[in-house]
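One structure is given here, and the rest of the page talks about it.
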Amino acid sequence: MSGSSLGWFVVWISLLLALSPLIPAESQTFQSAGSETRSGEAQPGIAIPEALAPWVPWVLEQGPNGRDRRACPLDARGVNRLCAWPGLLQLELDTGDGRFEQVWELRAADWIALPGDVDLWPQDVRADDVPLPVVARDGRPAVQLPAGRHRLTGRFQWRERPESLPLPPETGLLTLALDGRAPIAPRLDRDARLWLRDPGQARAEGEGDRLQLQVYRRLDDDLPLRVLTRLELEVSGRAREIQLGPVLLPEGIPSNIVSPLPTRLEPDGTLRVQVRPGRWVLEVASYHPGHVTQVVRPQDLAAPWPEREVWAFAAQPERRRVDLSGLKERDKR
């Protein structure tokens, strides 16, 4: 096959994949790996001629990442595929050196950013006790891992412990121990920089984890009906992973998530968030296709979900009349 013919072949299959939403559901026969609906059932795939089906992974690997990411869920923005999910990052830092350990779960091969930067370069980095080469990507040390569950370890060496240590932006769960003492509450700013010179106070025995949550929803009576759910969190205690929700209203379809913390929306509608002390705001956008006759709050919402939510409704009376019921009115404006 000539170079020009191969180019047209790639373009033809790419167009076929791009136009797949236009194919009627009853004619779709190709099943994408790992694709699921909100209820966990497999979605119908794309109708692709049998002779071309073996080429699909090759076409998908021609993208900028060079790999097939169909098994990966969407990230918080709903734009890119999230193939790697971080576990607890454990840091033990002394006067002359330091060590880190973290478990990662990957749905597909991907690059993993490491603690440190060009001035504080991690050394002796290993995945499951196998040495790995560390390269600079976007000014940060990184390693490439295959799909699966992996334990990353590494160490630092310095003449004097620095004032701060840069961490990957996706860092969520974190423990910090200085000079062999008990873990302390880490001071991690919004630029993912961990401050080390002010060790703070060690955690008192029995200190509890607290989380306060307030929920606000804005319903826009558009076509389709759109819902913006705003979650305001106030977190104290340990860095930890929590589950909230289900966040979406029944029959809602997620379209976007904005979060300063590592966040993932599960197929059952619950939100997994790796929180740390501070005040945080998360927003989840969704829509309700078709003719909507009623919108109700999800049932069986457990703590820390509040008993009451604040809803705002943006009506469009020129389109239809809407009657509100079951709500406590606060402001008619």
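How far is it, in nm, from the label point at Gln157 to the one at Arg279 when both lie 7 Å from their Cα along the line to the Cβ?
4.5 nm
Per-residue HN-Hα couplings for the stretch 294-309, Karplus 6.51 cos²θ - 1.76 cosθ + 1.60 at θ = phi - 60°, whole Hz, x for Gly and Pro?
7, 10, 10, 6, x, 9, 6, 7, 8, 4, x, 5, x, 5, 10, 10
R0 = 45 Å: FRET efficiency of Val130 with Ser255, Cβ-based, nearest 0.05?
After rounding, the FRET efficiency stands at 0.65.
Just to confirm a number: summing +1 for Lys and Arg and -1 for Asp and Glu over residues other than His150 whose beta-carbon lies under 14 angstrom from that of His150, what do you get?
After counting each charged neighbour, the total is -1.
Taking amide H positions as placed 1.01 Å from N in the peptide plane, with prolines and chain starts having none, which residues 5 or more places from Ser255, or on another chain, fall under 5 Å of its amide H?
It is Ala285, Ser286, Tyr287, by chain and number.
Just subtract the alpha-carbon distance of Leu213 and Leu88 from 0.36 nm times their residue separation and send over the number in nm, one decimal.
42.7 nm
Can you list residues whose amide H is under 5 Å from Ser164's amide H, if they're 5+ apart or on another chain and H is modeled 1.01 Å from N?
For Ser164, whose amide H was placed from the backbone, the distant partners under 5 Å are Leu196.
Between Ala51 and Arg149, how high is the FRET efficiency from 1/(1 + (r/R0)^6) when r is the Cβ-Cβ distance and R₀ = 41 Å? Nearest 0.05.
The formula returns an efficiency of 0.65 here.
Restricting to Cα pairs below 8 Å that are 6+ residues apart, what does the relative contact order work out to for the stretch 84-195? Please round to a whole percent.
33 percent
FYI, it's all coordinate maths here, none of it is from the lab. Only a predicted model underlies this, so the values are computations on that prediction, with no experimental measurement involved. All Cβ positions, even for glycine, are placed from backbone atoms using ideal geometry, and neighbour counts span all protein chains on display.
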